[in-house]
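Below is one structure, written out as structure tokens, with a few remarks after it.
Read-outs: derived from the displayed coordinates by stated rules, not from any lab. The structure displayed is predicted, hence computed values, not measured ones. Counting neighbours? That spans all protein chains shown, and the Cβs are built from the backbone with ideal geometry, glycine included.
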Amino acid sequence: MISRRELLQNSAMGAFSIAGGTLTQPFRPSRSPGETITLAVMGVNGRGSDLAKEFVKFPNVEIAVICEVDDRVVSKGLAAVASKQTRIPKVEKDIRKVLEMKDVDALVVAAPDHWHAPAAIMGLAAGKHVYSEKPACHNPYEGELLVAAAQKHNRQILQIGTQRRSLPPVQQAIAKLRDGIIGKPLFARGWYNNTRPNIGHASKGPVPVGLDYALWEGPAPELGYQANYVHYTWHWFWHWGTGELGNNGIHSLDVCRWGLGVDYPTRVTAGGGKYRYDDDQETPDSLVTTYHFGDKAITWEGRSWSPRGFEGSTFGIAFYGEGGSMVIDGGNYSIYDIKDKLISTTKGPLHETEHLQNFLDGIRNGAKPNAPAVEAVKSTYLCHLGNIAYRTGRTIDCDPRTGRILHDKEAIALCRRSYRPGWEPKV
């Protein structure tokens, strides 16, 4: 196990050392298929309600608790499960009280990014299984803590919400890629495009009635309430979010890294800016990041104000090899030869049923998660490196064995954050 001293030493040097990525979770004793699994969902304004709605479609799964700091959106979570279960979930604002409840088997983390790793670590320590939304962590330091927590509390299942890892067509596409369908893959591209609105300018003001803003902030240092922080637009502030790269870029970068079979880059560059709106957004609305892995590379491009992407898709992944190319779009993938002739197209649905089933199978019979912490955190680290390269305005050099940032104190300092006293994540 990684010692606390090692974690502190590594984080002070900008380390992200999970080299090799072989941490595994041993099987738990089997549970009866007829035994009900009870879940607590943290954050139900958006993804949490979506996940609750999907989880209760499975037999013998119930939402026991809705953990939500804003009274104004609790009804979304209740409505998400009302048609599928007769049990009315308890409502609780404080995650610490939820984790004390003995009738909760697993925690679903769908709060903002700054909560993902701290809440998951708290859940594992409390003996709960954890399904956490992507990105796995708000910064590299938290990622290392999360991997260490998954190893320490290895009787619990931890699944991260990069659901393409469980999607059968994508699994099939990656298997064909590994079998040489396009020859040796040398380069991968991911992209994401959207038309997000102007978030405007806002000044500090009173907290709305019903919102426990202190609990919403949680582990993040206190920052006065501002109307365009809550909800969702927190993504575009470094204090809470990870920009579009961590919000949606993680999905394509995870598949790019998976398909190329790479872990840590040697060099990262980023270019872009905030061009479209004059508003309070801090993160770029246009960004291109490139990751070099010696003999292979990955590029990601995102624009949050223009919907047109590559290959006729707003979101996608493409692999380019010595003998052809492969394009993945949702649950579909197409293969082209080296002369750009279409060889085949395979179509399938884009959903997360298999990913949630994989998590539940882990709880019931010890099935290994398809998106364990060690893999999810490596992919998330690519997002952090891209953001750090953008924020510093220069190329980031890394140790390819550990992911450690080299020779750049300013970049290393961005590998971790300060925490509100009493909320520091601990393994």
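Go ahead and run the numbers for FRET between LEU186 and HIS239, Cβ-Cβ distance against an R0 of 41 Å, rounding to 0.05. Intermediate results must be reported in sequence, preceding the final value.
Working: r = 38 Å, r/R0 = 0.93.
For R0 = 41 Å, the calculated efficiency reads 0.60.
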Discussion item. Bins of 20 Å, beginning at zero and ending with the bin holding the largest distance: percent of Cα pairs per bin for the chain, please.
Written reply: 27, 60, 13, 0
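Expressed as a rounded percentage, what relative contact order does the chain have, with Cα pairs under 8 Å and six or more residues apart?
Details: 967 pairs, mean separation 96.5, N = 427.
Worked out over the chain, it gives 23 percent.
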Fill in: Considering only the chain, percent of DSSP beta bridges that pair antiparallel, nearest 5
60 percent
Response to the item:
Calc'd 3J(HN,Hα), region 176-193, phi into Karplus 6.51 cos²θ - 1.76 cosθ + 1.60 (θ = phi - 60°), Hz, glycine/Pro = x, comes to 5, 4, 5, 7, x, 4, 10, x, 5, x, 10, 8, 10, 10, x, 8, 8, 9
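Ranking THR353, THR380 by Cβ neighbours within 10 Å, fewest first, what do you get?
Working: THR353 14, THR380 34.
Fewest to most other Cβ atoms nearby, the residues stand as THR353, THR380.
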Discussion item. With a cap of 14 neighbouring Cβ atoms within 10 Å, and only residues DSSP puts in a loop, list the trypsin sites (Lys or Arg not before Pro) found in region 341-378.
Written reply: LYS341, LYS347
Response to the item:
With x for Gly and Pro, the residue-by-residue ³J(HN,Hα) of region 114-123, computed from phi through the Karplus equation 6.51 cos²θ - 1.76 cosθ + 1.60 at θ = phi - 60° and given in whole Hz, is 5, 9, 4, 5, x, 5, 5, 5, 4, x
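Roughly speaking, what is the stretch gain from LEU350 to ALA214, that is 0.36 nm per residue apart minus the C-alpha to C-alpha distance, in nm to one decimal?
Numbers: separation 136, 0.36 × 136 = 48.96 nm, distance 3.66 nm.
Length gained between LEU350 and ALA214: 45.3 nm.
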Fill in: Estimated FRET transfer efficiency (LYS339, ASN365; beta-carbon r; R0 35 Å; 0.05)
0.15
Fill in: Shape parameters for region 32-188, alpha-carbon atoms, Rg then Dmax in Å
17.3, 54
Fill in: Full-extension gain in nm, LYS90 to TRP305, via 0.36 nm per residue minus C-alpha separation
73.5 nm
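Determine the gain in length on full extension of the stretch LYS426-MET101; use 0.36 nm per residue of separation and subtract their C-alpha separation, reporting nm with one decimal.
Details: separation 325, 0.36 × 325 = 117.00 nm, distance 2.05 nm.
The span from LYS426 to MET101 would gain 115.0 nm if fully extended.
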Fill in: Estimated vicinal HN-Hα couplings, Hz - region 97-107 in sequence order (Karplus 6.51, -1.76, 1.60; Gly, Pro = x)
5, 4, 6, 7, 6, 6, 8, 9, 7, 8, 10
Worksheet entry | For ARG420, distant residues with modelled amide H under 5 Å away | ALA220
Discussion item. If packing is taken as the average number of other Cβ atoms within 10 Å across a peptide's residues, how do 396-405, 235-244 rank, most packed first?
Written reply: 235-244, 396-405
Fill in: Sparse-neighbour loop sites [GluC sites (Glu not before Pro); region 282-344; at most 11 other C-beta within 10 Å; DSSP]
GLU322
